[in-house]
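Enquirer: Here it is, the structure, as structure tokens.
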Amino acid sequence: MSLFGTTSGFGTGGTSMFGSTTTDNHNPMKDIEVTSSPDDSIGCLSFSPPTLPGNFLIAGSWANDVRCWEVQDSGQTIPKAQQMHTGPVLDVCWSDDGSKVFTASCDKTAKMWDLNSNQAIQIAQHDAPVKTIHWIKAPNYSCVMTGSWDKTLKFWDTRSSNPMMVLQLPERCYCADVHRCVAIFKDKQNKPTGFALGSIEGRVAIHYINPPNPAKDNFTFKCHRSNGTNTSAPQDIYAVNGIAFHPVHGTLATVGSDGRFSFWDKDARTKLKTSEQLDQPISACCFNHNGNIFAYASSYDWSKGHEFYNPQKKNYIFLRNAAEELKPRNKK
């Protein structure tokens with residue numbers, strides 16, 4: 001039975017295996033464990049686009065590496081290749097045809113990884129760590145956008161070492177401020193219609209771009225908090241580390257420093273599911289292109305500082321069948 005689709009390979013150059021796994025149970029939801037997970041905190045996850053046959057998962061980590069796995073239809077994961085930066089990898093994205101992966105790093109550079117040749121070349125330079133990277137495909141051009149803590153957004157033609165355009169920002173891009181993560185959602189015509197903003201104080205804001213009634217349509221909800229809201233005891237409040245929208249249903253997943261993931265129906269304004277608590281934070285998440293697979297990373301997110309960092313603690317990436325649990329509630 002084909003759960004995830006067909007697969008294809010990437011060529012033979014470079015490293016194809018990276019380390020071994022140990023059996024350890026930090027998986028209360030009994031989800032599929034990705035083999036050979038990174039050796040330090042996992043900061044970003046991204047699945048391949050629908051143009052690429054099969055499913056491939058990319059993860060960037062604080063071990064300065066970016067890794068690629070093939071996710072087979074059985075759920076088995078096969079390490080395919082890896083590339084290195086000289087600093088932690090903070091963000092990754094795919095080209096629309098699935099042939100290349102773009103990586104952003106604390107080493108102040110961004111790279112383009114050609115998966116067929118398994119070669120990576122530098123395509124961008126900043127004066128501070130690069131926090132975010134996006135592939136932009138327009139009708140008459142394509143480029144890579146990088147956002148940095150040097151307070152600039154830069155746009156790059158990957159064939160030139162000089163940016164096409166530089167935008168000065170009033171502050172660092174995705175600064176370590178109240179807002180932690182952002183995700184765009186689309187309407188039934190597949191057009192962007194708003195965004196969700198996650199914060200460090202356990203709250204998500206749903207914001208529409210042009211709502212008929214902003215006061216009514218835009219809203220926030222609390223999440224990733226312990227002790228409930230109806231008790232007299234003080235609440236433990238945790239950061240929202242990641243938000244991902246289901247590509248078919250438009251529902252969303254949030255992951256947090258409390259070590260839980262939750263699924264939400266923003267239209268019905270209800271929670272669909274909350275996971276059991278993992279023994280460490282969930283640092284990143286994503287869906288594959290058809291929404292059948294939900295990937296989430298279990299690793300320290302530095303929310304409690306250096307004193308709570310345990311270098312001996314193993315990092316995990318888990319895969320969950322998400323086809324049913326993310327379906328919206330039936331409207332009354």
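Enquirer: Please report the net charge: other residues with Cβ closer than 14 Å to the Cβ of Met164, K and R +1, D and E -1. If you can, show how the numbers build up before the last one.
Expert: Values: positive: Lys154, Arg159; negative: Asp157.
Counting the neighbours of Met164, the net charge comes to +1.
Enquirer: Okay, next question. Hey, what did the chain get for relative contact order, percent, Cα under 8 Å, at least 6 apart? Don't jump to the answer; show the numbers that get you there.
Expert: Working: 895 pairs, mean separation 45.2, N = 332.
Reported relative contact order: 14 percent.
Enquirer: Take the alpha carbon gyration tensor of region 186-292, find the square roots of its eigenvalues, order them as a ≥ b ≥ c, and report rounded if a/c is under 1.5; if not, report prolate when a/b exceeds b/c, else oblate. The partial results should precede the final answer.
Expert: Numbers: a/c = 2.22, a/b = 1.36, b/c = 1.63.
In terms of gyration-tensor shape, oblate.
Enquirer: Let me make sure I get this right: for region 67-178, a, b and c are the square roots of the gyration tensor eigenvalues over alpha carbons, sorted descending. Under 1.5 in a/c it's rounded, otherwise prolate if a/b > b/c, else oblate. Which is it? If you can, show how the numbers build up before the last one.
Expert: Numbers: a/c = 1.92, a/b = 1.50, b/c = 1.29.
Prolate, because a/c is 1.5 or more and a/b exceeds b/c.
Enquirer: Provide Ser299, Ser160 ordered by accessible surface of protein heavy atoms (probe 1.4 Å), highest first. Mind showing how you got there, number by number?
Expert: On the way: Ser299 0, Ser160 50 Å².
Result, largest first: Ser160, Ser299.
Enquirer: Quick one: plug the Kirkwood hydrodynamic radius of region 103-257 (C-alpha pairs) into Stokes-Einstein at 4 °C, 1.567 mPa s, and report D in µm²/s. Walk me through the numbers before you get to the answer.
Expert: Details: Rh = 17.9 Å.
Estimated diffusion coefficient is 72 µm²/s.
Enquirer: Of Pro88, Tyr141, Met165, whose Cα points farthest to the positive end of the dipole of region 70-167 (charges on the beta-carbon: +1 Lys, Arg; -1 Asp, Glu; origin at the Cα centre)?
Expert: Towards the positive end, the residue furthest out is Met165.
Enquirer: Continuing with this model, one more query. Among all the lysines, which ones have a C-alpha under 29 Å from Lys216's C-alpha, if same-chain residues fewer than 8 places away are not counted?
Expert: Lys186, Lys188, Lys191, Lys266, Lys271, Lys273, Lys327, Lys331, Lys332
Enquirer: Looking at region 236-322, which trypsin sites (Lys or Arg not before Pro) are DSSP coil and have at most 12 other C-beta atoms within 10 Å of their C-beta? Write out the running numbers ahead of the final one.
Expert: Values: sites: Arg260, Lys266, Arg269, Lys271, Lys273, Lys304, Lys313, Lys314, Arg320; in loops: Arg260, Lys266, Arg269, Lys304, Lys313, Lys314.
Sites meeting the loop and neighbour criteria: Arg269, Lys304.
Enquirer: Accessible surface of Phe308 in the full protein assembly, 1.4 angstrom probe, to the nearest 10 Å²?
Expert: 110 Å²
Enquirer: At 1.4 Å probe size, with every protein chain present, just tell me what the per residue accessible area of the chain comes to in Å².
Expert: Numbers: 16170 Å² over 332 residues.
Dividing the accessible area of the chain by its residue count gives 49 Å².
Enquirer: Have a look at Pro38, Pro129, Pro163 and tell me which one the Gaussian network model of the chain (Cα, springs below 10 Å) gives the largest fluctuation.
Expert: Pro163
Enquirer: Please list Asp40, Asp236 from largest to smallest accessible area, probe radius 1.4 Å, with all protein chains kept in place. Intermediate values should be presented prior to the final figure.
Expert: Details: Asp40 30, Asp236 75 Å².
The residues order as Asp236, Asp40, largest area first.
Enquirer: Just to make sure I understand: if all protein chains stay in place, what is the order of Asp279, Asp150 by accessible area at 1.4 Å, largest first? All intermediate terms of the calculation are to be shown ahead of the outcome.
Expert: Working: Asp279 70, Asp150 35 Å².
Ranked from most to least accessible, the order is Asp279, Asp150.
Enquirer: While we're on this one: Comparing Asn213, Asn118, Asn241, which has the greatest mean-square fluctuation in the GNM of the chain with Cα pairs linked when under 10 Å apart?
Expert: Asn213
Enquirer: A further question on this structure: With a 1.4 Å probe and every protein chain kept in, tell me what percent of the accessible surface of the chain is carbon plus sulfur. Mind showing how you got there, number by number?
Expert: On the way: 8180 of 16170 Å².
Carbon-and-sulfur percentage of accessible area, whole number: 51.
Enquirer: Which loop chymotrypsin sites (Phe, Trp or Tyr not before Pro) in region 111-144, with loop taken from DSSP, have no more than 13 other Cβ atoms within 10 angstrom of their Cβ? Provide the component values of the computation, followed by the final result.
Expert: On the way: sites: Trp113, Trp135, Tyr141; in loops: Tyr141.
Of the chymotrypsin sites (Phe, Trp or Tyr not before Pro), the ones in loops of region 111-144 whose Cβ has at most 13 other Cβ atoms within 10 Å are Tyr141.
Enquirer: Still on this structure, please answer the following. Have a look at Ser105, Ser61, Ser262 and tell me which one the Gaussian network model of the chain (Cα, springs below 10 Å) gives the largest fluctuation.
Expert: Greatest mean-square fluctuation among the candidates belongs to Ser262.
Enquirer: Can you give the charge dipole size of the chain about its Cα centre, rounded to the nearest 20 debye, using +1 on the beta carbon of Lys and Arg and -1 on the beta carbon of Asp and Glu? Walk me through the numbers on the way to the answer.
Expert: Values: 33 positive and 31 negative charges, 209 e Å.
Roughly 1000 debye for the chain.
Enquirer: Could I ask something else about it? With a ≥ b ≥ c the root eigenvalues of the C-alpha gyration tensor of the chain, is it rounded (a/c under 1.5), prolate (a/b larger than b/c) or oblate? Don't jump to the answer; show the numbers that get you there.
Expert: On the way: a/c = 1.33, a/b = 1.18, b/c = 1.13.
Because its axes are fairly even, with a/c under 1.5, the chain counts as rounded.
Enquirer: Report the one residue of Pro38, Phe56, Phe221 whose Cα lies farthest in the direction of the positive end of the charge dipole of the chain (charges on C-beta: Lys and Arg +1, Asp and Glu -1; origin at the Cα centre).
Expert: Phe221
The values are calculated or read from the model by the stated rules, or taken from the named source; none is laboratory data. None of the values given here were measured: they were computed from a predicted structure. Positions of Cβ are generated from backbone atoms using ideal geometry, with glycine treated the same way; all protein chains shown enter the neighbour counts. Ligands, DNA and RNA are excluded from the accessible area calculation, which covers all protein heavy atoms including side chains. Shrake-Rupley method; radii C 1.70, N 1.55, O 1.52, S 1.80 Å.
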